[in-house]
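A quick write-up on the structure given underneath.
The values are calculated or read from the model by the stated rules, or taken from the named source; none is laboratory data. Since the structure is predicted, the reported quantities are computational estimates derived from the model, not experimental observations. Ideal geometry is used to build each Cβ from the backbone, glycine not excepted, and the neighbour counts take in all protein chains shown. All accessible areas refer to the heavy atoms of the entire protein, side chains included, with ligands and DNA or RNA removed. Shrake-Rupley method; radii C 1.70, N 1.55, O 1.52, S 1.80 Å.
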Amino acid sequence: TVSTEVIDDLSTTGSLQAGSIKLSPNPAADQVRIINNSNAEIQNIELYSTSGKWVRNFTRFETLDISTINSGMYLLRIETDSSTVNKRLIIK
């Protein structure tokens, strides 16, 4: 027996608006820039597969090196000092 559950929860928690943080380019191949148009300070960024498996943490928050990550669709969890934002990232 096999079952599949797809959860597409890309909501924002807290006071930060979802459009305040953007990814460029997306889809990306080697690097992706985090564009933070808010006053919130980014404190942590984690990458997850669409199945919810943790892939890696990032220590630099302006440009993320994704050159060693397999192609596919991922979720970036971006934690700021005021909220958490989840963004979809496609890696070519």
Problem set entry | Sites residue 20 and residue 70 - FRET efficiency at Förster radius 25 Å, r taken between beta-carbons, to 0.05 | 0.30
Seminar exercise, completed: Label model pair residue 81, residue 29: point-to-point distance (7 angstrom along the Cα→beta-carbon line) in nm is 3.8 nm
Exercise. Ignoring ligands, DNA and RNA, what percent of the accessible area of the stretch 40-85 is carbon or sulfur (1.4 Å)?
Worked result: 43 percent
Seminar exercise, completed: Expressed in nanometres to one decimal, the distance between label points 7 Å along Cα→Cβ at residue 56 and residue 41 is 2.6 nm
